[in-house]
Amino acid sequence: MIRYGIGLIVCLLALLPAIGQTPNYSQDIAPILYTHCTSCHRPGEIGPMPFTNYNEAVAYGSMIKSVTQSRYMPPWKPDPAYRSFVDENVLSTAQIQAIKDWVDGGMPQGNPALEPPLPSFPTGSQIGVPDLVLPMAQAFTQAGNNTDQYRIFVLPTGLQQDKEIKAIEFRAGNKRIAHHAIIGMDTTNQANMLDQAQAGYGYTQYGGFGFTPNEPLLAGWAPGMSPKVYPQGIGKVLWKNSKLLLQMHYAPTPIPETDSSVINIFYANAPLTRQATLTPITPQHLLNGPFVIQPNTVKTFRARYTIGIAVSLLNLLPHGHLLCKSWEAYAVKPNGDTIKLVKINDWDFNWQGMYSFRNMQPLPAGTQLFVHGTYDNTASNPLNPHSPPQIVRWGENTADEMFLLYLTWVPYQVGDENIVISVNEPIPGVIMPGNKIYPVYPNPSGDHRTLGFSLEKAGKIKIALFDLNGKEVQVIKNQEWYSPGIQTVDFSVNSLAKGMYLLRIVGDGFDMSEKMLVH
Ligand code: HEC
């Protein structure tokens, strides 16, 4: 304590914002927007307005406040308190409060020199040079009639033999309208026939592909999601003479927009020892079937599926249509332990995604999977396609429903629990943010604080608080996995005595710290 002396404390205090001061754009709001919003809200992307500088944010201040208060933005459907996934994008309550305080306080800019730089977003492939590039054969024009469209394009792979792959990357051609994409694989002619039966390139089909392809879900994409590279030795096989089926969800647009999207395929660099397999949980597994939704009812369907061999889960994708309201899936191991898999409290057909676990999720043989899906077939469901409500059954079309949870898995191997599922190392030419620690907010008072930091590489980090004698007094994150880029964590200082503390982030090859006061 003596070593640091009064002088240092006075000097630090001068740097800290005064108690109760309104958050400012440069130090408090820009780090939030650039991390959580600008990936979609910048020119050419799906967000309807850009947030890339102070003036743009100020122009929409009250809207930003309201969509963050309601947690409508950023769009992230899985409940983060239930299970956390790669690419998770959620604001903390402290961040939402900071935005509110900033807007209510007149949106001060602060010192522009303290604003973090805009992250640089990759323009080409995010994971390297693809081995096979499958572009849409023609550009597709989405009419400017303000309606959604689900359009399927058939892309022949031209493969003369089966090919082992480690990653599939979807690159949206026109991000103003590319809302989500689902990629399947098929070797029959069914998709071509559906294509020929409709005018123009591709065919319009709501919900699915119009039939069940050999492999209904090779990959899924939604804005903000990074392509996943299967861990070494794990992958998928593209069949010879197969075609990829690209289902595009095009967002409504007031003016015609043209898209030509691309699928990049990355071959496995070593022979696969395990193939990623897809298992759908369907109405066939219902404990309270059949899957018939009577009019004027809200019903929760419950499925149970018993796993025959030890597996490791990689990702999952729930799927329902417009009556669907919520999902919950969990696993119960033979020893009684429960593993939470996914919970979606407000299912939104418009924001579907394929969610990758941060680490491979082992489940022993005999584990039971429980999947619950709730459907609202009453007149008070504004999305109900029937007025008055009618009996609804399984089907691919708008007015039909689905109960599907796809799970991608491999047979378990010892050590799987430590395998991180991630994007590859950053590629040359893409500037990643360096390792950096941002000023903690609020400081020096407030029970709940937010720490912002950026990481150059994915990895496990430890965040802890030390007193000035070097004694660890609180662990905030213990060897948790983080992806590269700007991150934030929330923590409470309730249990700490007044005084000066050192916040320290330690990871592979770095150790950074800053001082923090508790008043
Ligand atoms: C994954 C992409 C994505 C991210 C990330 C994202 N948005 Fe959006 N945002 C959209 C899209 C698409 C729309 C328009 C469609 C809609 O309203 O659902 C939108 C709409 C909005 C609107 C207009 C809402 C309205 O009622 O018209 C605001 C304001 C907004 N976003 C703010 C934010 C803020 C603030 C963040 C970060 C905290 C954020 N968004 C993150 C995609 C995104």
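The values are calculated or read from the model by the stated rules, or taken from the named source; none is laboratory data. Keep in mind that this is a model prediction, so the values were computed, not measured. Glycine gets a Cβ as well: all are built from the backbone with ideal geometry, and neighbour counts include every protein chain shown. All accessible areas refer to the heavy atoms of the entire protein, side chains included, with ligands and DNA or RNA removed. Shrake-Rupley method; radii C 1.70, N 1.55, O 1.52, S 1.80 Å.
Between HIS448 and ASP346, full extension at 0.36 nm per residue minus the direct alpha carbon distance yields a gain of 34.0 nm.
Rg/Rh for segment 16-120 (Cα atoms only, Rh after Kirkwood) is 0.96. Here the Karplus curve 6.51 cos²θ - 1.76 cosθ + 1.60, taken at θ = phi - 60°, turns the phi angles of segment 66-79 into couplings of 6, 6, 7, 4, 7, 6, 6, 10, x, x, 9, 7, x, 5 Hz, with x standing for Gly and Pro.
Between amide H atoms placed 1.01 Å from N, distances below 5 Å from THR204 occur with ILE152, all of them 5 or more places distant or on a separate chain. Placing dummy labels 7 Å off each Cα toward the beta-carbon, the span from VAL67 to GLU456 is 3.4 nm.
Between VAL473 and ASP104, the FRET efficiency estimated from the beta carbon spacing at R0 = 35 angstrom works out to 0.55. If you sort SER513, SER380, SER492, SER242 by accessible surface, 1.4 Å probe, largest first, the order is SER380, SER513, SER492, SER242. The Cα-based radius of gyration of segment 432-519, divided by its Kirkwood radius, gives an Rg/Rh of 0.95.
Overall dimensions of the chain, expressed as equivalent-ellipsoid semi-axes from the Cα gyration tensor (√(5λ), whole Å, largest first), are 42, 26, 25.
Counting heavy atoms of the protein chains alone, THR93 has an accessible area of about 100 Å² for a 1.4 Å probe.
Spatial offset of segment 310-368 relative to segment 185-217 amounts to 27 Å, using the alpha carbon center of each. Within the assembled protein chains, the solvent-accessible surface assigned to SER260 is about 60 Å², based on a 1.4 Å probe. Computed from the C-beta positions of GLN232 and ASN296 and an R0 of 56 Å, the FRET efficiency is 0.60 to the nearest 0.05.
Dipole of the chain, Cα-centred, from +1 at each Lys and Arg C-beta and -1 at each Asp and Glu C-beta, to the nearest 20 debye?
Roughly 620 debye for the chain.
Electrostatic bookkeeping for HIS285 treats Lys and Arg as +1 and Asp and Glu as -1; over the other residues with beta carbon under 14 Å from its beta carbon, the sum is +2. Using the Karplus relation 6.51 cos²θ - 1.76 cosθ + 1.60 with θ = phi - 60°, the per-residue 3J(HN,Hα) values for segment 124-133 come to x, 4, 8, 10, x, 9, x, 8, 9, 10 Hz, with x marking Gly and Pro. For the listed residue pairs LYS175/LYS460; LYS340/LYS477; LYS462/LYS515; LYS166/LYS240, the alpha carbons are over 22 angstrom apart in LYS175/LYS460. Put simply, segment 277-417 fits an ellipsoid with semi-axes of 30, 15, 12 Å; these come from the alpha carbon gyration tensor as the roots of five times its eigenvalues, largest first. Straight-line reach from LYS65: taking Cα to Cα under 17 Å and skipping same-chain neighbours fewer than 8 places apart, the lysines in range are LYS100. In this structure, the amide hydrogen of GLY366, modeled 1.01 Å from its nitrogen in the peptide plane, lies closer than 5 angstrom to those of ILE307, GLY308, ILE309, counting only residues at least 5 positions away or on a different chain. Across the accessible surface of segment 432-519, with the other protein chains kept in place and a 1.4 Å probe, carbon and sulfur atoms take up 46 percent.
Ordered by 1.4 Å accessible area with all protein chains kept, VAL237, VAL493 run largest first as VAL237, VAL493. Keeping the other protein chains in place, figure out the carbon and sulfur percent of the accessible area of segment 16-120, with a 1.4 Å probe. About 55 percent, which is the carbon plus sulfur part of the accessible surface. Between HIS321 and MET402, the built amide H atoms are under 5 Å apart, and every one of these is 5 or more places off in sequence or on another chain.
Simple spin-label estimate for ASN214 and ALA137 gives 1.8 nm between the two label positions (7 Å along the Cα-to-Cβ direction from each Cα).
May I ask you to derive the FRET efficiency for ALA270 and ASN241 from their Cβ-Cβ distance with R0 = 25 Å, giving the value to the nearest 0.05? E between ALA270 and ASN241, to the nearest 0.05, is 0.50.
Using the empirical formula 2.2 N^0.38 Å as the baseline, the Cα radius of gyration of segment 227-275 reaches a ratio of 1.66. In this label model, HIS386 and GLU480 are separated by 4.5 nm, measuring between points 7 Å along each Cα→Cβ vector.
What number does segment 146-267 give for Rg over Rh if you use C-alpha atoms and the Kirkwood radius? Rounded to two decimals, Rg/Rh equals 0.97. Accessible area per residue was computed with a 1.4 Å probe on protein heavy atoms; TRP221 scores about 40 Å². Going toward the positive end of the dipole of the chain, with +1 on Lys and Arg Cβ and -1 on Asp and Glu Cβ, which of PHE349, LEU363, LEU407 do you reach last? Going by the Cα projections, it comes out as LEU363. LYS333: which lysines have alpha carbons under 20 Å from its alpha carbon, excluding same-chain residues fewer than 8 sequence positions away? Answer for LYS333, where 20 Å is the Cα cut-off: LYS343, listed by chain and number. Taking Rh as the Kirkwood radius computed over C-alpha pairs, what is the Stokes-Einstein D of segment 203-346 at 37 °C in a medium of viscosity 0.692 mPa s, expressed in µm² per second? So the translational diffusion coefficient is about 174 µm²/s. For the chain, what is the mean residue ellipticity at 222 nm derived from helices alone (per DSSP H run of n ≥ 4: -39500 (n - 2.57); sum divided by total residues; nearest 500 deg cm²/dmol)? Roughly -3000 deg cm²/dmol at 222 nm, from the helical runs in the chain.
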